[in-house]
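One structure below.
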């Protein structure tokens, strides 16, 4: 009987809300133009610099040793307004903070568990609320990360995915012993899971929920459509990333740029070094040029970059991360018209590099990553050109047309003269057309 009651509660909370949902296209508008977000993995793992959650899962350290980091997590220098100022300086339009990673330690005073920084660490206070308020004050959209799975919750390891063979050697944090599945306990976990998500939605009203950790369970276990419907009642208009087993709003590739342009809106999440959270031993930072190139590839293909940083346990951001964010922001400010109010650029073959198009499709922005020889080639543009200039400096560039078959409306190649001075990282060339872009990409005459 108890099992039936729990199932009914979840069904009542989750179904029949479609008529209340806002237009997907309307709620996504800010995300389309944001281009850059800052990801923050912050939790007890910053104390010893272990891998976030994975350290005990992969037996790098014992579970108790990992969790003992709670005793050193102080957040003593946590200043979310200085975070927000840095993110604005970096050119970001939104941020995403980990509210709870796979270890189950929540950064807010959740009523569903004592495993949170308010009750279990010297920090002793809610860390999500001041973050949200600081981002909103700085006109940044607020994102909150939440792990669906919870390797510390006693009821999480109560059922196993039917797609995975039962194996007694399987990690005990994920699966129960062979033959010991308990569906009743799983339903209890779902009530806990939904309860914490509802708290985040109603207490903090985020613009975006960034989920993670669905891979260990089947669709029938998670019931993600029900969850999505509930979330959009708890916080109408919130954007959900793709880690909702088919019920998210955009794709979320991780650490690798898609080779082919995705069909729908997407966002690359990427670390600055090799780690998501703070690890003092990881000094393998990407160079500013690597970060800027990655950013350009994302926006040139219609995506956003969610660039990760890992604050230290006291809340301070490591100096190498600050330096890279500031350099990225300086480059963005030099080239801002080519970034925020633009869409994905030219298809392959028109320009050997990345590009974007202005909102009215009358200006092409070319991102010149290297210094070409003799001229910058551009192909398949039927429009007449009004002007060409280096965006950051205003230097006017000349061009000539090579080849083409005007009698059948096949345009010649455009050879653009080289700038006198290149940007230290990537030079942006603005090409103003006489009207909306008219592309030729047929097989030729």
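Every number in this text was worked out from the coordinates using simple rules, so none of it is lab data. Computed from a prediction, not measured in an experiment: that's the story for all the values here. With ideal geometry, Cβ positions are generated from the backbone for all residues, glycine too; neighbour counts draw on all protein chains shown.
Taking Cα atoms, how many degrees apart are the long axis of helix 80-90 and the longest axis of the chain, rounded to 10 and kept between 0 and 90?
Roughly 20 degrees between the two axes.
Relative to the first principal axis of the alpha-carbon coordinates of the chain, what is the inclination of helix 128-137, with its axis defined by its Cα atoms, in degrees from 0 to 90 and to the nearest 10?
30 degrees
Looking only at the stretch 2-334, where both bridge partners belong to it, what percent of the DSSP beta bridges are antiparallel (to the nearest 5)?
Working: 1 of 33 bridges.
The answer is about 5 percent antiparallel.
At 7 Å along the Cα-to-beta-carbon direction for both residue 256 and residue 205, put a label point, then send me their distance in nm to one decimal.
The two pseudo-label positions are separated by 4.1 nm.
Would you look at the GNM of the chain, springs on alpha carbons closer than 10 Å, and say which of 350, 41, 102 moves the most?
350
Sort 407, 266, 210, 30 so that the residue with the fewest other Cβ atoms within 10 Å of its own Cβ comes first and the one with the most comes last. All intermediate terms of the calculation are to be shown ahead of the outcome.
Details: 407 7, 266 20, 210 25, 30 14.
Result, fewest neighbours first: 407, 30, 266, 210.
If I stretch the segment between residue 319 and residue 32 completely, what's the gain in nm (0.36 nm per residue apart, minus their alpha carbon distance), one decimal? Don't skip to the end; give the middle numbers.
Values: separation 287, 0.36 × 287 = 103.32 nm, distance 3.01 nm.
My answer for the length gained is 100.3 nm.
Take the Cα coordinates of the stretch 344-433, assign each an equal point scatterer, and use the Debye formula without solvent to give log10 I(q)/I(0) at q = 0.16 Å⁻¹.
The Debye formula, applied to the Cα set alone, gives -0.61.
Go ahead and estimate [θ] at 222 nm for the chain from helices alone: -39,500 (n - 2.57) per DSSP H run with n ≥ 4, summed, over the residue count, rounded to 500. Spell out each step's value before the answer.
Working: 13 runs with 123 residues, N = 445.
Theoretical 222 nm ellipticity from helices: -8000 deg cm²/dmol.
Given the C-alpha centroids of the stretch 52-66 and the stretch 359-409, what is the distance between them in whole angstrom?
Cα centres, the stretch 52-66 to the stretch 359-409: 54 Å.
For the Cα atoms of the chain, what angle does the longest principal axis make with the long axis of helix 183-204, in degrees from 0 to 90, nearest 10?
Orientation of helix 183-204: about 50 degrees from the principal axis.
For an R0 of 56 angstrom, estimate the FRET efficiency from the Cβ-Cβ distance between residue 398 and residue 161 and round to the nearest 0.05.
Values: r = 62 Å, r/R0 = 1.11.
Taking R0 as 56 Å, the efficiency between residue 398 and residue 161 is 0.35.
For the stretch 2-334, what is the largest minus smallest coordinate of the Cα atoms on each principal axis, given in angstrom and ordered from greatest to least?
61, 48, 38
Taking 0.36 nm per intervening residue step and subtracting the Cα-Cα distance, what contour gain separates residue 74 from residue 389 on full extension?
Working: separation 315, 0.36 × 315 = 113.40 nm, distance 5.12 nm.
This chain segment gains 108.3 nm when fully extended.
When 99, 25 are ordered from fewest to most other Cβ atoms inside 10 Å of their Cβ, what list results?
Details: 99 29, 25 8.
By the 10 Å Cβ count, ascending, the order reads 25, 99.
Stretched out fully, how many nm does the piece from residue 233 to residue 139 gain, at 0.36 nm a residue minus the Cα gap? Intermediate results must be reported in sequence, preceding the final value.
Details: separation 94, 0.36 × 94 = 33.84 nm, distance 2.41 nm.
Separation in residues times 0.36 nm, less the Cα-Cα distance, equals 31.4 nm.
How would you rank 426, 327, 183, 299, going from fewest to most other Cβ atoms within 10 Å of each one's own Cβ?
Numbers: 426 21, 327 18, 183 13, 299 24.
Ascending Cβ contact count within 10 Å gives the list 183, 327, 426, 299.
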